[in-house]
Ligand SMILES: NC(=O)c1ncn([C@@H]2O[C@H](COP(=O)(O)O)[C@@H](O)[C@H]2O)c1NC=O
């Protein structure tokens, strides 16, 4: 395999951390180092010999650093083909030295955008010279080693250690692949920043972090997840998250984020749908009320709370077999108890979901939409029946509507005082969803007299309110918008039921 001995290096890095051992090693190997302003000072302070790029190019860094390495002596030094007589001839003619190793750490564009910095600061953090160095060195991987992020320092260090400055083609090609990963990710971030109003209809996503999952939805399917999982969660216990766990965790987090921190909320999900949701005076009470809604489906579920898990709640949870429990924190004694089962996945939710877009693949393409960020507020309820909803009913309706929004359509949620009694989930007709909900509520011993009903979309006919009346349901929330709304309203008026419209449909397909 064709070996290249590193005799010269160009180092230009934004963050200087963890660079010192590499510089020292290169110095010890007698490598000729070229460097830019701040990096050069850093290297000098280590006592390692370094030549300023300015001395190579005979040009100073100009325009506030916008142009410092962009020069034929630098790019020629990287790009000339060492096995091409013509290139070698020209390199000699123009006094272009070989550069065998390039180390770059780009201006932190994404971090600057995330910090909320003004546009002019963001623009100045679009690295031009660095990205060009990366692309040039990666293109000429036959002759050059390109280290394009700080993450690769350990690999380089090991290489320098093991091979004393020599590199194989395979090493260099692997670095080149990573370099184009870095450069394409960087440019995607810049494009998405410029295309915030989506004037250019393109779907460009680059997730820098990924992990291979044990398998996909089923064992014969491969699965991977791309995203910053560690930013969202800290795993305190349990086996690796599976594909299906991740899908359910996403649904659980989306649902629990409907509840404000002063409400003590607990939800149990199966296959992305809630089979129990409640708010209570304590988190233990919320859990017990959520569990009561469907003590069968809770088995193997994904559980989530918006409050820390205390010992009292953990003692109740301990007797349930569940896959995942997510909470903002776990009391030490609760954690000790729950850790008793080694496979149980316990996740600390560190931050909120902040994506504004959702996408999935279909028809050989990708479908993209804004996330449904509308939560129906009592202040926005439109009373459409003669009988107005009471304050208590409004609270129950708002609660039920939050669950509707995160349940597969067609859905009906039946609730009472901060407790989901039952749900009809993913049915092909709304009537079937209601019938399923009624059957389930009865199966788990609930009296529906005085309960409220939420529907994710309008009632095309009055049949749902008719059936609901028969079960003692007193108040209904729905978006409205059917040409036959009047029939449902009339029925409610004649049967002293109250109904509010929200104006917002919450289909979830
Ligand atoms: N303009 C150029 O020619 C140029 N060449 C290298 N850089 C970047 O300058 C930074 C290092 O600068 P310094 O060594 O001065 O701290 C690196 O992030 C590198 O990617 C440049 N800056 C931006 O484009």
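Could you check region 180-253 for strands (runs of 3 or more DSSP E) lying wholly inside it with 2 or more residues that are modelled with pLDDT of 95 or more and surrounded by 12 or more Cβ atoms within 10 Å (Cβ to Cβ)?
Numbers: elements: 210-213, 223-226, 233-237.
Output list reads 223-226, 233-237.
Which one is farthest from the ligand (Cβ to nearest atom), of the residues in region 84-109 that are assigned to a helix (DSSP H, G or I) and crowded, with 18+ Cβ neighbours inside 10 Å? The residue in question is 91.
Within region 118-140, track down each residue that is in a loop (DSSP other than H, G, I, E, B), in contact (Cβ under 8 Å) with a residue 12 or more places away in the chain and either more than 9 Å from the ligand (Cβ to nearest atom) or closer than 17 Å to residue 37 by Cα (or both). Don't jump to the end; show me each part of the working.
To start, the set of residues in region 118-140 that are in a loop (DSSP other than H, G, I, E, B) comprises 118, 125-128, 140.
Next, only the ones that are in contact (Cβ under 8 Å) with a residue 12 or more places away in the chain stay: 125-128, 140.
If the condition is that a residue be in a loop (DSSP other than H, G, I, E, B), in contact (Cβ under 8 Å) with a residue 12 or more places away in the chain and either more than 9 Å from the ligand (Cβ to nearest atom) or closer than 17 Å to residue 37 by Cα (or both), then 125, 127, 128, 140 are the ones that fit.
Applying the criterion of being touching a residue at least 24 places away in the same chain (Cβ under 8 Å) and more than 10 Å from the ligand (Cβ to nearest atom) to the residues of region 51-74, the residue that is surrounded by the fewest Cβ atoms within 10 Å (Cβ to Cβ) is 72.
Would you mention how many residues in region 32-50 are surrounded by 14 or more Cβ atoms within 10 Å (Cβ to Cβ) and more than 15 Å from the ligand (Cβ to nearest atom)? Summing the residues that are surrounded by 14 or more Cβ atoms within 10 Å (Cβ to Cβ) and more than 15 Å from the ligand (Cβ to nearest atom) in region 32-50 gives 1.
Would you tally the residues in region 1-31 being part of a strand (DSSP E or B) and away from the ligand (no atom under 16 Å from the Cβ)? Step through it out loud before you land on a result.
Within region 1-31, the subset part of a strand (DSSP E or B) is 4-5, 8-13.
Filter once more, keeping what is away from the ligand (no atom under 16 Å from the Cβ): 4-5, 8.
The total comes to 3.
Annotation: residue 321 fulfils all but one of (1) in contact (Cβ under 8 Å) with a residue 12 or more places away in the chain; (2) under 26 Å from the mean Cα position of the chain (by Cα); (3) surrounded by fewer than 16 Cβ atoms within 10 Å (Cβ to Cβ); the unmet one is (2).
The set of residues in region 378-402 being closer than 20 Å to residue 508 by Cβ and in contact with a helix residue (DSSP H, G or I) (Cβ under 7 Å, 6 or more places away or on another chain) consists of 398 alone.
Residues that are crowded, with 16+ Cβ neighbours inside 10 Å and within 19 Å of residue 299 (Cβ to Cβ) within region 324-341 comprise 324, 325, 326, 338, listed in sequence order. Cβ separations smaller than 6 Å between residues 6+ apart or across chains give the following pairs from region 362-384 residues that are surrounded by 14 or more Cβ atoms within 10 Å (Cβ to Cβ) to residues that are assigned to a strand (DSSP E or B): 381/500; 384/499; 384/501. Scanning region 174-189 for residues that are within 21 Å of the chain's Cα centre (by Cα), within 13 Å of residue 152 (Cα to Cα) and free of Cβ contacts under 8 Å to residues at least 40 places away in the same chain returns a single hit, 181. Against the list (1) modelled with pLDDT under 95; (2) crowded, with 24+ Cβ neighbours inside 10 Å, the condition residue 451 fails is (1).
The values are calculated or read from the model by the stated rules, or taken from the named source; none is laboratory data. These figures come from a predicted structure and were not determined experimentally. Here Cβ is always computed from backbone atoms with ideal geometry, including for glycine, and neighbour counts include all displayed protein chains.
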